[in-house]
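First up is the structure itself, then whatever we jot down about it.
The values are calculated or read from the model by the stated rules, or taken from the named source; none is laboratory data. Since we're looking at a predicted model, the values are computed, not measured. To get the accessible areas, we keep the full protein, side chains included, count just its heavy atoms, and leave off ligands, DNA and RNA. Shrake-Rupley method; radii C 1.70, N 1.55, O 1.52, S 1.80 Å.
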Amino acid sequence: MAAPFPDNLVVERYPFDDIAEYIRAKHAEFGAIVVDAAAAGGGSAKLFHEAVTEANRLIVPVAPTKIERRKLVATFDEAERAAARNGRGADAA
């Protein structure tokens, strides 16, 4: 039976407050780091902000319902604030 993930893919659960520091440390070790911000932050704006601050790219897959559309405004506002602190040239465009 095949492994659920490719051999070169490392999946970690990381529900700690210092996620930005963790991501910075892992940039040298991995070619790409993917953070499921909803799962990592559990809805926490602080953890979302810290993850986006260290991101090279923010991907937001959406097919929002009417209620979720209101939440997206807050998500993109927070992404814009975090992108302003990002030293890797990421922006919220």
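Descriptive notes on the structure:
- Residue tally, condition part of a helix (DSSP H, G or I), of a type outside the set (A, V, I, L, M) and modelled with pLDDT of 80 or more, over segment 22-45: 4
- Residue selected from segment 56-72 under the condition open to solvent by less than 100 Å² (accessible area, probe 1.4 Å) and β-branched (Val, Ile, Thr), by the criterion modelled with the highest pLDDT: Thr65
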